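Asker: Can you keep this structure in mind? I'll have questions shortly.
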Amino acid sequence: MIPTARYRLHLDYHATSINVRVASSFRQRARGLFAHRDLDAEELLLLKPCSAVHTFGLGFAIDVAFTDAAGRVLALSAWLAPCRWVGCVGAHAAWEGRAGHFARHGIRVGACLQLQ
């Protein structure tokens, strides 16, 4: 597994109990969730910079949120099935989590996602 920095998520400027792993090097981003299959239901993986992700070979569905440089959610893809691709023009980062994570925590288009 590639070591990544760990943070807490702030949703709309409020602290949450959600842990975030950050993948910022080219190698970390290229491996994505393939290197983090141990990501639990209350964790997210932040890929930055990133404007597109795929689930080819992943084997399970994920939620993906694309944010601008300020952390504002531009687009969401919930329950993205294996063998799919999704992108967002103008996105600065992609946040990935287990399928259903965003609905459980009220993450929606327009929300602000930031690290603490």
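The values are calculated or read from the model by the stated rules, or taken from the named source; none is laboratory data. Keep in mind that what you see is a predicted model, and the values were worked out from it rather than measured. Neighbour counts run over all protein chains shown; Cβ positions are idealised from the backbone, glycine included. When the accessible area is computed, the model is the full protein with side chains, heavy atoms only, and any ligands, DNA or RNA have been set aside. Shrake-Rupley method; radii C 1.70, N 1.55, O 1.52, S 1.80 Å.
Asker: Test each condition in (1) touching a helix residue (DSSP H, G or I) at 6+ places or on another chain (Cβ under 7 Å); (2) without any contact (Cβ under 8 Å) to a residue 40 or more places away in the chain for His54 and report the one that comes out false.
Answerer: Tallying (1) touching a helix residue (DSSP H, G or I) at 6+ places or on another chain (Cβ under 7 Å); (2) without any contact (Cβ under 8 Å) to a residue 40 or more places away in the chain, His54 fails exactly one: (1).
Asker: In region 15-33, is there at least one residue being closer than 19 Å to Gln116 by Cα, open to solvent by 40 Å² or more (accessible area, probe 1.4 Å) and not hydroxyl-bearing (Ser, Thr, Tyr)?
Answerer: yes
Asker: Quick one: would you say Leu113 is buried (at least 16 other Cβ atoms within 10 Å of the Cβ), among the hydrophobic types (A, V, I, L, M, F, W, C) and over 17 Å from Thr16 (Cα atoms)?
Answerer: It is false that Leu113 is buried (at least 16 other Cβ atoms within 10 Å of the Cβ), among the hydrophobic types (A, V, I, L, M, F, W, C) and over 17 Å from Thr16 (Cα atoms).
Asker: Moving on. Please identify the pairs in which a residue from region 10-32 that is more than 13 Å from Cys50 (Cβ to Cβ) has its Cβ atom under 8 Å from the Cβ atom of a residue that is of a type in the set (Val, Ile, Thr) and modelled with pLDDT of 90 or more, counting only partners at least 6 apart or on another chain.
Answerer: That search, which allows pairs on different chains as well, returns His10/Thr16; Leu11/Ile18; Leu11/Ile107.
Asker: Starting from residues that are under 14 Å from Gly71 (Cα atoms) and either among the hydrophobic types (A, V, I, L, M, F, W, C) or in contact with a Lys or Arg (Cβ under 6 Å, 6 or more places away or on another chain) (or both), keep the ones in region 89-110 and report whichever is most open to solvent (accessible area, probe 1.4 Å).
Answerer: Val109
Here's the yes/no breakdown for (1) touching a His at 6+ places or on another chain (Cβ under 6 Å); (2) among the β-branched types (Val, Ile, Thr); (3) modelled with pLDDT of 95 or more:
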{"residue": "His36", "(1), (2), (3)": "no, no, no"}
{"residue": "Ile62", "(1), (2), (3)": "no, yes, no"}
{"residue": "Ala81", "(1), (2), (3)": "no, no, yes"}
{"residue": "Trp85", "(1), (2), (3)": "yes, no, yes"}
{"residue": "Ala91", "(1), (2), (3)": "no, no, yes"}
{"residue": "Trp95", "(1), (2), (3)": "no, no, yes"}
{"residue": "Leu113", "(1), (2), (3)": "no, no, yes"}
{"residue": "Gln116", "(1), (2), (3)": "yes, no, no"}
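Asker: Could you pull out the residue among Ala78, Ala69 that is within 19 Å of Gly110 (Cβ to Cβ) and surrounded by 12 or more Cβ atoms within 10 Å (Cβ to Cβ)? Walk me through how you get there before you give the answer.
Answerer: Values: Ala69 fails: surrounded by 12 or more Cβ atoms within 10 Å (Cβ to Cβ).
Only one candidate passes the filter, namely Ala78.
Asker: Just to be sure, is Ala61 in contact with a Lys or Arg (Cβ under 9 Å, 6 or more places away or on another chain) and touching a residue at least 12 places away in the same chain (Cβ under 8 Å)?
Answerer: Answer is yes for this residue.
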